[in-house]
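What follows is a single structure, written as structure tokens, with notes after it.
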Amino acid sequence: MMVELKNVTKVYGTRKAVDNISFSVDKGEIVGFLGPNGAGKTTTMKMITGYMPPTSGTIKIAGYDIVEQPIEAKKHIGYLPEVPPLYLDMMVEAYLHFVGGIKGVPAKKRREDVERIMHEVGLIDVRKRLIKNLSRGYKQRVGLAQAIIGDPEVLVLDEPTVGLDPKQIKEIRDIIKKLGEKHTIILSTHILPEVSMVCDRVIIINRGKIVAMDKTENLSAALQNARRYFVKVEGPYEEVVRAIENIEGVTNVEAEIDQDNVVKLTVESSADKDIRKEMFFAFAKKGFPILELKPLGYSLEEVFLELTTEEESYDENAGNIKEGA
Amino acid sequence: MKMLEILKRELRGYFFSPIAYVLVGFYLLISGYFFSTFVLSTHYAVLSPVLGSMVTVFMFVAPILTMRLIAEDMKTGTDQLLLTSPITVTDIVIGKFLSAVLVYLVALVITFLYPIYLKIYSSPDMGPVISGYIGLFLIGVTFISMGIFASSITENQMIAGIIGFALILGFWLISWLGDVFTGRARVIFQSLSFFDRLNNFQKGIVNLSDAVFFISVIVFFIFLTIRVVDKRRWS
């Protein structure tokens with residue numbers, strides 16, 4: 001177990017930023033930390049890295065308690081905060097040497113390490129440039145390089161791709177994936193595709209609480225107990241809708257006119273019934289050709305919305321009941 | 001040894017930017033002016049009045065020299081690097097403190113030219129010169145420790161500078177209270193007086209108690225700084 005949180009709570013004044021969360025991360029895992037802004041992602045990461053102690057609960061890094069044995073625990077962590085902690089008045093190479101120094105990399109090894117990491121992250125061309133003159137993307141790379149120095153087993157990356165352009169985002173993600181081969185990584189993000197692209201496991205956090213925690217593929221499968229299809233059919237709108245609603249097992253239909261005489265449908269059915277054949281025959285009988293038919297999974301985005309908006313929809317129901325009474 | 005890394009970085013911060021040059025330059029310009037005008041007007045081969053004026057100049061320089069030391073890290077977020085690295089807060093604070101002390105030392109060493117000039121053209125009594133410099137160094141470092149403390153309590157450098165100056169001035173003026181009161185209060189305020197203790201050094205008297213006094217004040221403010229940096233994370 002590389003990282004272990006037990007009943008961790010953080011209270012700012014009277015507000016609970018993180019409320020009794022527990023999870024652990026195994027060696028070599030890439031875990032995505034997902035949640036809307038203000039959910040407690042950054043606070044949790046600050047506690048894991050020892051920047052601030054939890055109000056209650058324990059955090060262990062590679063077996064060392066971050067509050068009781070901070071120096072030992074911190075030797076195993078590389079941290080990239082939301083805003084990379086850069087000394088703007090330093091040159092890239094000098095800055096990385098400095099970081100190596102405070103992380104306790106012996107002077108001899110430091111030179112090699114900095115050289116290797118600059119290659120890995122793609123900083124060789126800018127090694128003699130002042131950090132303040134670098135673009136956002138390069139600054140982020142320096143931030144990543146800084147986290148890797150000293151070869152810590154655990155990397156904690158807070159929104160590593162935020163504010164970058166699409167090309168830079170891809171580059172940084174590729175670097176992270178490569179790093180994932182050797183390191184245990186906890187990364188936070190509010191961009192969902194990032195999680196499914198990079199992470200093995202997802203922890204979804206909302207209002208300081210963990211609302212879901214599972215393997216990335218399981219999580220999107222979790223909400224797939226309904227089958228959904230996208231269908232494009234040529235034919236008059238009303239007749240098409242009537243034909244599909246008559247099929248047994250269809251639970252929900254959303255229809256929309258695409259263009260003249262073409263209807264786009266999103267059809268849901270119960271999980272135990274495959275309605276594709278019936279759909280085909282129903283439309284064939286009417287003489288409406290199917291132009292397109294594809295199954296729809298729930299994207300992680302929808303899972304996320306589902307999980308983080310649950311409370312609100314509950315409130316709405318409560319209101320309805322009152323009205324009914 | 002990680003403290004040395006902090007020290008090196010801070011020195012880089014001072015000397016790779018105009019800060020150190022502007023401050024040391026300003027310090028030398030004003031003290032040089034005091035030295036020249038004093039020597040030319042009085043024709044005395046004595047340094048202690050000049051050293052006294054140099055203390056006053058450094059009262060203004062010290063807060064500016066130290067105001068960025070910790071406040072800047074908090075402002076730019078580099079404190080996140082320092083506090084999540086395997087290095088103690090004590091090492092961080094002492095490394096930063098020593099960097100400012102070294103800048104001050106550089107300025108002081110350059111002013112050694114004044115006694116050297118005196119020695120060349122006259123035969124000054126070197127005893128008070130040496131003890132005067134010891135006093136000058138001790139009080140300067142005391143100002144620096146107050147400045148770094150001020151820098152730790154806010155992330156705004158400007159405010160850190162003003163608080164630092166207020167602290168230095170406040171302690172400097174405590175000696176006046178000694179003259180206001182009588183009896184025990186007078187003794188207490190006089191023993192806290194920077195001014196009287198510095199005077200001893202300039203007269204050529206090196207008291208262990210005076211040196212211990214300054215060192216205690218320095219240790220006290222460094223300790224406070226470490227506590228403040230450490231404590232803030234718990235709030």
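The values are calculated or read from the model by the stated rules, or taken from the named source; none is laboratory data. The structure presented is a predicted model; accordingly, all values stated were derived computationally and were not measured. FYI the Cβ positions are ideal-geometry reconstructions off the backbone, even for glycines, and counts take in every protein chain you see.
Overview of values
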{"item": "Criterion (touching a Phe, Trp or Tyr at 6+ places or on another chain (Cβ under 8 Å) and buried (at least 22 other Cβ atoms within 10 Å of the Cβ)) met by exactly one of A:Ala73, A:Ala39", "result": "A:Ala73"}
{"item": "Complete set of residues in the stretch B:65-88 that are of a type in the set (Gly, Ala, Ser) and within 11 Å of another protein chain (Cβ to nearest Cβ)", "result": "B:Gly77, B:Ser85"}
{"item": "Residue in the stretch B:65-86 that is buried (at least 20 other Cβ atoms within 10 Å of the Cβ) and under 11 Å from the mean Cα position of the chain (by Cα) present", "result": "yes"}
{"item": "Members of the stretch B:13-23 found to be more than 7 Å from chain A (Cβ to nearest Cβ) and either surrounded by fewer than 18 Cβ atoms within 10 Å (Cβ to Cβ) or of a type in the set (Phe, Trp, Tyr) (or both), listed by number", "result": "B:Tyr14, B:Phe15, B:Pro18, B:Ile19, B:Tyr21, B:Val22"}
{"item": "Residue among B:Gln202, B:Gln190 that alone is touching a residue at least 12 places away in the same chain (Cβ under 8 Å), surrounded by fewer than 20 Cβ atoms within 10 Å (Cβ to Cβ) and polar (S, T, N, Q)", "result": "B:Gln190"}
{"item": "Pick from the stretch B:205-216, criterion of a type in the set (A, V, I, L, M) and closer than 10 Å to B:Ile139 by Cα, ranking: modelled with the highest pLDDT", "result": "B:Ile215"}
{"item": "Any hit, the stretch A:180-188, residues being in contact with a Ser or Thr (Cβ under 7 Å, 6 or more places away or on another chain), buried (at least 16 other Cβ atoms within 10 Å of the Cβ) and either at pLDDT below 90 or of a type in the set (A, V, I, L, M) (or both)", "result": "no"}
{"item": "Boolean, A:Gly28 is among the small types (Gly, Ala, Ser) and at the interface with chain B (Cβ under 10 Å from one of its Cβ atoms)", "result": "no"}
{"item": "Contacts under 6 angstrom Cβ, first residue in the stretch B:1-27 being over 14 Å from B:Thr66 (Cα atoms), partner among the small types (Gly, Ala, Ser), 6 or more apart", "result": "B:Met3/B:Gly95; B:Glu5/A:Gly101; B:Ile6/B:Gly95; B:Tyr27/B:Ala107"}
{"item": "Residue in the stretch A:10-17 that is touching a Phe, Trp or Tyr at 6+ places or on another chain (Cβ under 7 Å) and within 14 Å of another protein chain (Cβ to nearest Cβ) present", "result": "no"}
{"item": "Residues (among the hydrophobic types (A, V, I, L, M, F, W, C) and assigned to a strand (DSSP E or B)) located in the stretch A:41-70", "result": "A:Ile59, A:Ile61"}
{"item": "Failed item, numbered, when A:Gly50 is tested on (1) modelled with pLDDT under 95; (2) more than 10 Å from chain B (Cβ to nearest Cβ); (3) within 24 Å of the chain's Cα centre (by Cα)", "result": "(2)"}
{"item": "Test: A:Gly100 is within 9 Å of chain B (Cβ to nearest Cβ) and either surrounded by 22 or more Cβ atoms within 10 Å (Cβ to Cβ) or under 23 Å from the mean Cα position of the chain (by Cα) (or both)", "result": "yes"}
{"item": "Odd one out for A:Lys132, checked against (1) closer than 30 Å to A:Glu72 by Cβ; (2) more than 10 Å from chain B (Cβ to nearest Cβ); (3) not hydrophobic (A, V, I, L, M, F, W, C)", "result": "(1)"}
{"item": "Options A:Asp151, A:Asp165, A:Asp125, A:Asp200: the member that is at positive phi, surrounded by fewer than 21 Cβ atoms within 10 Å (Cβ to Cβ) and of a type in the set (D, E, K, R)", "result": "A:Asp151"}
{"item": "In the stretch B:219-231, residue surrounded by the most Cβ atoms within 10 Å (Cβ to Cβ) [restricted to those that are more than 16 Å from the chain's Cα centre (by Cα) and touching a residue at least 40 places away in the same chain (Cβ under 8 Å)]", "result": "B:Val229"}
{"item": "The stretch A:55-66, residues that are more than 10 Å from every other protein chain (Cβ to nearest Cβ) and farther than 18 Å from A:Gly104 by Cα", "result": "A:Ser56, A:Gly57, A:Thr58, A:Ile59, A:Lys60, A:Gly63, A:Asp65"}
{"item": "Residues that are surrounded by 15 or more Cβ atoms within 10 Å (Cβ to Cβ) and not basic (Lys, Arg), drawn from the stretch A:103-119", "result": "A:Gly104, A:Val105, A:Asp113, A:Val114, A:Ile117, A:Met118"}
{"item": "Search result, residues across the stretch B:121-140 that are in a helix (DSSP H, G or I), in contact (Cβ under 8 Å) with a residue 40 or more places away in the chain and more than 16 Å from B:Ile64 (Cβ to Cβ)", "result": "B:Tyr121, B:Gly127, B:Pro128, B:Val129, B:Ser131, B:Gly132, B:Tyr133, B:Ile134, B:Gly135, B:Leu136, B:Leu138, B:Ile139"}
{"item": "Unmet requirement for B:Val61, which otherwise passes all of (1) farther than 30 Å from A:Leu144 by Cα; (2) surrounded by fewer than 22 Cβ atoms within 10 Å (Cβ to Cβ); (3) β-branched (Val, Ile, Thr)", "result": "(2)"}
{"item": "Positions within the stretch B:205-218 being surrounded by fewer than 17 Cβ atoms within 10 Å (Cβ to Cβ) and touching a residue at least 60 places away in the same chain (Cβ under 8 Å), in sequence order", "result": "B:Ile205, B:Val206, B:Ala211, B:Ile215"}
{"item": "Selection within the stretch A:65-114 - within 20 Å of B:Met74 (Cα to Cα), touching an Asp or Glu at 6+ places or on another chain (Cβ under 8 Å) and without any contact (Cβ under 8 Å) to a residue 40 or more places away in the chain", "result": "A:Phe98, A:Ile102"}
{"item": "Selection from the stretch A:71-90 of residues that are more than 7 Å from chain B (Cβ to nearest Cβ), of a type in the set (A, V, I, L, M, F, W, C) and in a strand (DSSP E or B)", "result": "A:Leu80"}
{"item": "Meets criteria (more than 9 Å from chain B (Cβ to nearest Cβ) and loosely packed, with under 15 Cβ neighbours inside 10 Å) for A:Lys139", "result": "no"}
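Okay, residues lined up against (1) touching a strand residue (DSSP E or B) at 6+ places or on another chain (Cβ under 9 Å); (2) surrounded by 19 or more Cβ atoms within 10 Å (Cβ to Cβ); (3) within 14 Å of chain A (Cβ to nearest Cβ):
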| site | (1), (2), (3) |
| --- | --- |
| B:Val93 | no, yes, yes |
| B:Tyr104 | no, yes, no |
| B:Ile116 | no, no, no |
| B:Tyr133 | no, yes, no |
| B:Phe137 | no, no, no |
| B:Ile174 | no, no, no |
